[in-house]
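Quick notes on the structure that follows.
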Amino acid sequence: MTETTRTLYFVLAAVVAAAAAVVVDPSKSTPDIFDDVGELFFEDFTDPQAPRSIEVIDYDEATATATPLKVEFRDNRWVIPSHHSYPADAEERLAKTAAALIELRKDRVVSDLAQDHASYSVVDPLDDQATSLAGRGKRVKIIDGGSNILADFIVGSEVEGKRDYRYMRVPGQKRTYEVKTEADVSAKFQDWIETDLLKISPFDLRRIEINRYTINERLGRVENRQNLTLTQQDNKWRYAGREPNSDTMSDLTTALDKLRIVDVQPKPQGLSEDLKAKSGIQPTRENFRSLQGKGFFPNPYTGQILSNEGEILVDSKNGLRYVLRFGEIAPGGSGAQGDDGESEGERRFVMISVTFSEDLAKTHEGDAEKGRELADEFRARFADWYYVISGADFGKLRPSRADLRKS
């Protein structure tokens, strides 16, 4: 065997050995882009009861602004610090979100390139270095009681053609994944609060009085008065001796049943205490300034409160009388759409109060004890807050005579 032939054998043997190594060692043949497929996203997050706060930051491309919402467990209750520490109904929602995230896995890698982030809507909404306003996702951060970050991720758009699949990325990393998740990480204030605000069913309603008027602040007088009264008996509504328009009544009673609170503003402590004590509003400068700034005008002599856009009085079979007073236009809203696709319109401040009458409960053969308990609960809850409702609900709660006529 010549030296040249011997050398060729050695080269051939080396090639065969190298090929064998590739076959027997799969790690050498697997591209890095697949190296973490199937792994848990947050392997240290194991206890669904551990979270004590959640921060959600969404991005509004129309206004080019990041919208933050934070829910936190404080003083043995859940509150929303980003909305004046309004009480949150968060425990069940957060537990479901946490349980879904604990099981979250990296199902498929779709890209390792930063320039692809906008395509999957996983650009960090807090990234002030990103040149494009489009393609920003929703960032979610979950923290435990020791201020340890349990999860931090950016949720992108839905994966086309795959139900419950979304694109997701970890902040600071380029890699984008396709994941299956049922985690509910809403950034809407109304999704984290008590949804049944008035705790009233359309079947419990007995009488609705709509006082439509406006306040001419320049002249200091009430104008455009219109009083409408509707009564229900044997599940039939009557207006001026006739059956009202069914669509209008459905809109009105549904709006009361599912009243959507889109924001809140706190009342001054002195005003809240006056309302809780049932002693009437004390005519202090702070009280008057607060009320008038939201479109409400108290009469210091009679104690009556008038409002910019009138009021609605609602009697229930259990002896409760709700009064919803409609004030000034509140910030936000206009072009935004609600979950039903309906435009929010101009948001309105609403001041809500509730009283109980034993006589009303007897007249309507209702549960007086339940009515009394609810009145105490509502007095404590409603006294602290000015509520904000959507323009869509505002319109449904104030039908005109023309709206109520049966077509």
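No value in this document is a laboratory result; all are computed from the given coordinates. Fair warning: this is a prediction, and the values are worked out from it, not measured in the lab. Cβ atoms come from the backbone with ideal geometry, glycine included; neighbour counts cover every protein chain shown.
Where does the chain land at 222 nm, in deg cm²/dmol rounded to the nearest 500, when only DSSP H runs of n ≥ 4 count, each adding -39500 (n - 2.57), divided by all residues?
-7000 deg cm²/dmol
Between the helical axis of 91-102 and the longest alpha-carbon principal axis of the chain there is an angle of about 10 degrees. Residues within the reach of a label modelled at Glu377 (point 7 angstrom out along Cα to beta-carbon, backbone nitrogen below 16 Å), restricted to region 201-231, are 201-202, 204. Restriction of the trypsin sites (Lys or Arg not before Pro) in region 269-316 to DSSP coil positions whose beta-carbon has at most 15 other beta-carbons within 10 angstrom yields Lys278. Amide H to amide H, with H built 1.01 Å from N, Thr67 comes under 5 Å of Asp58, Tyr59, Asp60, counting only residues 5 or more places away or on other chains. Ordering Val350, Val110 from the fewest to the most neighbouring beta carbons within 10 Å gives Val110, Val350.
Helix 3-24 and the longest principal axis of the Cα set of the chain meet at an angle near 20°. Per-residue Karplus couplings for region 219-233, computed as 6.51 cos²θ - 1.76 cosθ + 1.60 with θ equal to phi - 60°, are listed in order as 9, x, 9, 8, 10, 6, 5, 8, 10, 10, 10, 10, 10, 10, 8 Hz, Gly and Pro entered as x. Starting from 0.36 nm per residue, how many nanometres of slack lie between Leu219 and Arg285 once their C-alpha separation is accounted for? The span from Leu219 to Arg285 would gain 21.7 nm if fully extended.
At an R0 of 30 angstrom, the distance between the Cβ atoms of Asn227 and Glu194 translates into a FRET efficiency of 0.45. Calculation over all alpha carbon pairs of the chain in 20 angstrom steps from 0 returns a P(r) of 21, 42, 25, 7, 4, 2, 0 percent. With a cut-off of 14 Å between beta carbons, the residues surrounding Ala130 carry a summed charge of -1, where Lys and Arg count +1 and Asp and Glu -1. Applying the Kirkwood pairwise sum to the alpha-carbon positions of region 202-404 produces a hydrodynamic radius of 17.8 angstrom. In plain terms, the chain from Leu40 to Lys162 could stretch by 41.9 nm, reckoned as 0.36 nm per residue minus the Cα-Cα distance. Once the mean of 1/r is taken over each pair of separate Cα atoms and inverted, region 51-192 shows a Kirkwood hydrodynamic radius of 15.6 Å.
The amide H of Ser111, built 1.01 Å from its N in the peptide plane, has Thr176 as neighbours under 5 Å, considering only residues 5 or more places off or on other chains.
Helix 368-382 versus the longest principal axis of the chain: what angle, 0 to 90°, nearest 10, using Cα atoms? Once rounded, the angle reads 70 degrees.
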